[in-house]
Amino acid sequence: MERKRVGVLTGGGDCAGLNSAIKWVVKTALDDRLQRVRKIQYEVIGIHDGWRGLVQPEGDEDLPAPRIEPLTEEMVRTWDRYGGTNLGTSRTNPYDPKKNRSKVVLENIERYHLDFLVAIGGEDTLGVGHKLFLEGVKLVGIPKTIDKDLSGTDYTLGFETAVNVITEEIDRLRTTAGSHRRIFVVETMGRHAGWLALEGGESSGAYIILIPEYDFSMDRINTLVSEGRKKGTRYDIVVVAEGAKPTGSSEIFKEEGIDSFGHKALGGVGEFLAREISQSTKIETRSISLSHLQRGGTPCAYDRRMGRYFGIAAVDLIVKEDFGKMVSYRNGQITSVPLQEAIGRLNLVNVRTQYDTERYNGRRTILGS
Ligand code: F6P
């Protein structure tokens, strides 16, 4: 029987649902019914630490060998219950303009006899995947990112678990905020996309939600807060996406530098807002950044299930030899799109249909005009 090797890796920020996707790539590829029908015996090789696992020659510097390991059904049996990625991840960019190591990746793909690759990632990891596909690698992608900012799919792994974290943490803040009559500004992740703030804010019933897609006015926020207090509210929850900014200003960044994909680390808008609100309204205002808590924890049922479907669909694409595609969830169906379509542009909140620019909150009409 013909034998083929499928390499699988996770790249970029970790999130819930990755281990489920890996598990289902393994279980589907190793299913003996597939072998009987296709007369191909697949082997699945886990690649450690994303593209980093393929850029360094073995034995080199600080990443201990081995960088690959065969995955068996028995090994991955319980993986879907756990957050993070059991294969490890990195933000390594083999096409970093400062140090292009894509040739080494291609050499290692040969060296490890990887016939096919499954790359599980967001725009950066899948962007690399697309370039490798153009260089002849038989690759398929699985979308993941808590930011939900990939095009070509209505869902990216990790998003729902992150929204659950935001909701649960805000539930906790409500009791302390109410007891002290305080305002709490909660900063979410999301980079340039407002999905986490918007859907996390909607799930938790936040009073104000600020997203990168719509610049906010400090005066408007202060007016909304004062109006709320006049109506008798004891406390307020303001959710702000890390990429949101006041009109006329730029985004707020943490001091750390820039990664090999050219991203600067966002962070600090929550603190800025809390200071501004308390100075203007004289209401005690605190801020909290949920930061990496949003990427952690047990995957919710939805991420386990979507990881399963995406993992199965990725192997389906390999079996059909339909490469250069990303599995996707579109209009209630699992399908696939060309990688090019997924990475070409970011999927952002449509302010006109999904945001209330007057109340700074989720839309208040859904079926209206
Ligand atoms: O892309 C996922 C994400 O969590 C963003 O929301 C956030 O800006 C970034 O990654 C943080 O990256 P790191 O884990 O490298 O600090």
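The values are calculated or read from the model by the stated rules, or taken from the named source; none is laboratory data. What you see is a predicted model, and the numbers here were worked out from it, not measured in a lab. Cβ coordinates were reconstructed from backbone atoms using ideal geometry, including for glycine residues, and neighbour counts include every protein chain displayed. SASA here: full protein model, heavy atoms, side chains in, ligands and nucleic acids out. Shrake-Rupley method; radii C 1.70, N 1.55, O 1.52, S 1.80 Å.
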Relative contact order for the chain: what percent, with Cα pairs under 8 Å and sequence separation of 6 or more?
22 percent
Which semi-axis lengths, in whole Å and largest first, follow from the square roots of five times the eigenvalues of the Cα gyration tensor of the chain?
42, 21, 18
For the chain, what does the accessible surface come to per residue with a 1.4 Å probe? Please give it in Å².
45 Å²
If one computes P(r) from the Cα atoms of the stretch 47-153, what percent of pairs lie at distances over 17 Å?
56 percent
Residue by residue through the stretch 334-341, which ³J(HN,Hα) values in whole Hz follow from phi under the Karplus form 6.51 cos²θ - 1.76 cosθ + 1.60 (θ = phi - 60°), with glycine and proline marked x?
7, 8, 9, 9, x, 3, 3, 5
At a threshold of 8 angstrom on Cα-Cα distance, excluding pairs fewer than six apart, so keeping six or more, what relative contact order does the stretch 191-242 reach in percent?
51 percent
Net +/- balance of residues flanking Val349 in space, Cβ distance below 12 Å, scoring K and R +1, D and E -1:
-3
Quick one: compute the contact order of the stretch 1-121, relative version, from alpha carbon pairs under 8 angstrom and 6+ residues apart, as a percent.
43 percent
Using +1 at the C-beta of Lys and Arg and -1 at the C-beta of Asp and Glu, which of Leu139, Leu114, Asn93 has the Cα lying farthest in the positive direction of the dipole of the stretch 21-151?
Leu139
Taking H placed 1.01 Å from N in the peptide plane, check which residues at least 5 places from Arg363 or on another chain put their amide H under 5 Å from its amide H.
Tyr355, Asp356
To the nearest 10 square angstrom, what accessible area does Arg77 show with a 1.4 Å probe?
130 Å²
Whole-Hz Karplus ³J(HN,Hα) for the stretch 228-237, in order, using 6.51 cos²θ - 1.76 cosθ + 1.60 and θ = phi - 60°, x for Gly and Pro?
x, 5, 4, 7, x, 5, 8, 8, 9, 10
Kirkwood hydrodynamic radius over Cα pairs of the stretch 159-260, then Stokes diffusion coefficient at 37 °C and 0.692 mPa s, in µm²/s
229 µm²/s
5 Å is the cut-off here: which amide hydrogens, built 1.01 Å from N in the peptide plane, fall below it relative to Glu187, excluding neighbours closer than 5 in sequence?
Val240, Ile288, Ser289, Leu290
Stretch His113-Lys231 to full length: gain in nm at 0.36 nm per residue minus the Cα-Cα span?
35.7 nm
Count the net charge of all other residues whose Cβ sits under 14 Å from the Cβ of Ala177, scoring Lys and Arg as +1 and Asp and Glu as -1.
+3
Residue (of Ile237, Gly262, Val225) at the positive-pole extreme of the stretch 224-268, dipole from beta-carbon charges:
Val225
At what distance in angstrom do the alpha carbon centres of the stretch 103-125 and the stretch 169-222 lie from each other?
39 Å
Long-range amide H partners of Ile68 with built H, under 5 Å:
His48
Can you give the charge dipole size of the chain about its Cα centre, rounded to the nearest 20 debye, using +1 on the beta carbon of Lys and Arg and -1 on the beta carbon of Asp and Glu?
780 debye
Based on the Cβ-Cβ distance of Lys254 and Thr175, what FRET efficiency does E = 1/(1 + (r/R0)^6) give at R0 = 25 Å, to the nearest 0.05?
0.25
Cα long-axis angle, helix 301-319 against the chain (0 to 90 degrees, to the nearest 10):
30 degrees
Expressed in nm², what is the orientationally averaged projection area of the convex hull enclosing the Cα positions of the stretch 193-248?
3.8 nm²
Selected from Met75, Trp51, Gly178, residue furthest toward positive end of dipole (the chain; charges at beta carbon)
Gly178
Ignoring ligands, DNA and RNA, please state the percent of accessible area on the chain from carbon and sulfur, probe 1.4 Å.
47 percent
Which of the residue pairs Lys99/Lys148; Lys148/Lys254; Lys144/Lys264; Lys144/Lys320; Lys103/Lys264; Lys98/Lys131 have a Cα-Cα distance greater than 24 Å in the structure shown?
Lys99/Lys148; Lys103/Lys264
Give me the Å³ per residue figure for the convex hull around the C-alpha atoms of the stretch 121-182.
85 Å³
With θ set to phi - 60°, apply the Karplus curve 6.51 cos²θ - 1.76 cosθ + 1.60 along the stretch 286-292 and write out the HN-Hα couplings as whole Hz, x wherever there is a Gly or Pro.
10, 10, 9, 9, 6, 6, 6
When the Cα centres of the stretch 1-37 and the stretch 224-271 are compared, how far apart do they sit, in Å?
39 Å
